[in-house]
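To start, the structure itself, in structure tokens.
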Amino acid sequence: MTAASRQNTHPATISDLLDREQQRFRLTHPRSAAAWEQGKQHFLYGAPSHWMRRWAGGFPLYAARASGARLWCVDGFEYVDLCLGDTGAMAGHAAAAVTAAVSAQMARGATLMLPTEDAAWVGAELARRFGLPYWGFTTSASDANRAAIRIARLITGRDRVLVFNGCYHGSVEEAHVGLAGGRMVMRSGVHPNAVEHQRVSRVVEFNDLPALEAALQGRDVALVLAEPCMTNYGMIEAQPGFLEALRELTRRTGTLLLYDETHTWSAGPGGYTGRDHLDPDLFTIGKAIGGGLPVGLYGVSAEVAARLWEHAPRESLRPGVRQSSHLGFGGTLAGSALQVAAVRAVLSQVLTADNFARMIALADELGRRARSVVSACGLPWFIAQSGARVETLLTPQAPRDASQLARTRDGTIETLLHLYMLNRGVLITPFHSMLLMCPDTTAADIERYISVFAGLCRELTGR
Ligand SMILES: Cc1ncc(COP(=O)(O)O)c(C=O)c1O
């Protein structure tokens, strides 16, 4: 419980509201409740993915269908979806162009161990948007990060990966670490999995240049794995000059720099990298780029590619001779015809520059109006924004790092915020309070969110 985030609220009201909302959720969602009871019989964590049990009502909604920025649950309610599959559906649910392209490719063959002609367009577009010339497919962003780490180790001959405290880069062993009292520790709930984190990982606070410099100066770090704006612990923007210094320090110490733009793609058609000309050595992305299909991508600079080809040549070894080449990354279904068709549809017709401009304008509007609600109610909360992504943080000003943000997190208020929304037809991601736009989000959806948010803030503060 954090007193600061509760300024001007009434503690008794918070727990009463939470009880009321939990009861309302249980009473109005009997079919979801029954499906959850059944799910627990055969799924380890009740649902096909353990993340799905984390919804604020105590059990997940079971979805009947979803389209654009709308979702319908099996109990018959309609929702404005601002969770969008925790970014996986930033292209909108069942986007028509993706559905058509994927259905057509499915009918022509989904996975062939052969490229299709869509690949040339996709490769050129990835290079144009994000600035890195060479690309490879995986089946998830986690896997793209693992591929990038392997490449970095291979070409630098170093083992260590540096991440920022509070990061999340998927199920990537090296990144499951955090800081506690200035020391590196495992993130809560994560088993070390026989990985020697003290040897292969290093972690510093975001925006802490002296710590970063000290961590890199021994020249034993292969790679800095970072988001250009941290998104998973709550949105934390880089302070002015931090990313420039990160680039300069990594170059000076022979360390490679990887930007993971799986979430920060919301900043615009080329993510932060394209928008701000960030020039990383490696780049990864996943989730929304597949339009709903499991896709991850890693991109590398010309220099990284040249160094990689010294170890693992690009051309076939000798025609006519049976070859075996386990590079240790990729996968049988990675780069499938289906994935490539989906990415082409997303990039050419759905997450286009025009649609990003519209999505960002809606996020600007949502952010502006949420700030005026918060200020009218005297709540010490900060509304963060990164392009098409807005977030309610229970802290009075923009956070500098995850430790600072951790001091103001308030699980009870966060749960109440999520559940209050859920009970009034608005979905937000269970793990953080991110509100994401897709090309189908409308001004009326923003209106709906704001009126529910204002209702909660008024109930909390009596203003
Ligand atoms: C920044 C970032 N990178 C990578 C991932 C991993 O994505 P996936 O679970 O699809 O592999 C996530 C997931 O939330 C993420 O937020």
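Annotation note: Cβ proximity below 7 Å between a residue of the stretch 444-463 that is open to solvent by less than 20 Å² (accessible area, probe 1.4 Å) and a residue that is of a type in the set (Ser, Thr, Tyr) and at pLDDT below 95 (sequence gap 6+ or interchain) occurs for LEU460/THR9; LEU460/THR13; THR461/THR9.
Can you say whether ARG31 is over 21 Å from GLU459 (Cα atoms), surrounded by 14 or more Cβ atoms within 10 Å (Cβ to Cβ) and of a type in the set (Lys, Arg), as far as the supplied structure shows? Can you show your working first?
Details: over 21 Å from GLU459 (Cα atoms): yes; surrounded by 14 or more Cβ atoms within 10 Å (Cβ to Cβ): yes; of a type in the set (Lys, Arg): yes.
So ARG31 passes the test.
Scan the stretch 19-40 and tell me whether some residue there is of a type outside the set (A, V, I, L, M), out of contact with any Ser or Thr (no Cβ under 7 Å at 6 or more places or on another chain), modelled with pLDDT of 95 or more and within 27 Å of HIS263 (Cα to Cα). No, the stretch 19-40 contains no residue that is of a type outside the set (A, V, I, L, M), out of contact with any Ser or Thr (no Cβ under 7 Å at 6 or more places or on another chain), modelled with pLDDT of 95 or more and within 27 Å of HIS263 (Cα to Cα).
If you check GLY68 against the conditions, is it of a type outside the set (A, V, I, L, M, F, W, C) and on the phi > 0 side of the Ramachandran plot?
Details: of a type outside the set (A, V, I, L, M, F, W, C): yes; on the phi > 0 side of the Ramachandran plot: yes.
It is true that GLY68 is of a type outside the set (A, V, I, L, M, F, W, C) and on the phi > 0 side of the Ramachandran plot.
Kindly establish whether TYR45 is among the hydroxyl-bearing types (Ser, Thr, Tyr), on the phi < 0 side of the Ramachandran plot, exposed (fewer than 14 other Cβ atoms within 10 Å of the Cβ) and not in a helix (DSSP H, G or I). Step through it out loud before you land on a result.
Numbers: among the hydroxyl-bearing types (Ser, Thr, Tyr): yes; on the phi < 0 side of the Ramachandran plot: yes; exposed (fewer than 14 other Cβ atoms within 10 Å of the Cβ): yes; not in a helix (DSSP H, G or I): yes.
In short, yes.
Selection over the stretch 128-145 of residues that are within 16 Å of the ligand (Cβ to nearest atom) and not in a strand (DSSP E or B) gives a count of 8.
Assessment of the stretch 146-167 against the conditions (farther than 15 Å from VAL224 by Cα and within 9 Å of the ligand (Cβ to nearest atom)) yields no matching residue. Scanning the stretch 271-297 for residues that are open to solvent by 10 Å² or more (accessible area, probe 1.4 Å), touching a helix residue (DSSP H, G or I) at 6+ places or on another chain (Cβ under 9 Å) and either within 30 Å of ASP364 (Cα to Cα) or at pLDDT below 95 (or both) returns GLY274, ARG275, ASP276, LEU278, ASP279, LYS287, GLY291, GLY292, LEU293, PRO294.
Being in contact (Cβ under 8 Å) with a residue 40 or more places away in the chain and open to solvent by 30 Å² or more (accessible area, probe 1.4 Å): is that true of ARG202 here? If you could, list the steps in order and put the result at the bottom.
Values: in contact (Cβ under 8 Å) with a residue 40 or more places away in the chain: yes; open to solvent by 30 Å² or more (accessible area, probe 1.4 Å): yes.
For ARG202, the condition - in contact (Cβ under 8 Å) with a residue 40 or more places away in the chain and open to solvent by 30 Å² or more (accessible area, probe 1.4 Å) - is met.
So that you can scan it fast, the table gives a plain yes or no per residue for (1) in contact with a strand residue (DSSP E or B) (Cβ under 6 Å, 6 or more places away or on another chain); (2) modelled with pLDDT under 95; (3) within 30 Å of HIS191 (Cβ to Cβ):
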| position | (1), (2), (3) |
| --- | --- |
| GLY85 | no, no, yes |
| VAL98 | yes, no, no |
| ALA107 | no, no, no |
| LEU112 | no, no, no |
| ASP118 | no, no, no |
| PHE130 | yes, no, no |
| ASN145 | yes, no, yes |
| LEU154 | no, no, yes |
| ARG160 | yes, no, yes |
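Counting only helices (runs of 4 or more DSSP H) that fall entirely inside the stretch 224-314 and contain at least 1 residues that are within 14 Å of the ligand (Cβ to nearest atom), the qualifying elements are 271-276. A search for C-beta distances below 7 Å between a residue of the stretch 145-163 that is open to solvent by less than 60 Å² (accessible area, probe 1.4 Å) and any residue that is among the basic types (Lys, Arg), counting only pairs 6+ apart in sequence or on different chains, returns ILE155/ARG307; ARG160/ARG202; LEU162/ARG202. Is it the case that some residue within the stretch 7-18 is open to solvent by 50 Å² or more (accessible area, probe 1.4 Å), assigned to a strand (DSSP E or B) and among the hydroxyl-bearing types (Ser, Thr, Tyr)? Scanning the stretch 7-18 turns up no residue that is open to solvent by 50 Å² or more (accessible area, probe 1.4 Å), assigned to a strand (DSSP E or B) and among the hydroxyl-bearing types (Ser, Thr, Tyr).
When residues in the stretch 391-431 are screened for being in a loop (DSSP other than H, G, I, E, B), under 13 Å from CYS83 (Cβ atoms) and more than 20 Å from the chain's Cα centre (by Cα), 1 of them pass. Looking at the structure I just gave you, is GLU37 open to solvent by 70 Å² or more (accessible area, probe 1.4 Å), more than 21 Å from GLY291 (Cα to Cα) and over 22 Å from the mean Cα position of the chain (by Cα)? So GLU37 passes the test.
The values are calculated or read from the model by the stated rules, or taken from the named source; none is laboratory data. No experiment lies behind these values; they were computed from the predicted model shown. Every residue, glycine as well, gets a Cβ built from its backbone with ideal geometry; the counts of neighbours run over all protein chains shown. Only protein heavy atoms, including side chains, enter the accessible area calculation; ligands, DNA and RNA are left aside. Shrake-Rupley method; radii C 1.70, N 1.55, O 1.52, S 1.80 Å.
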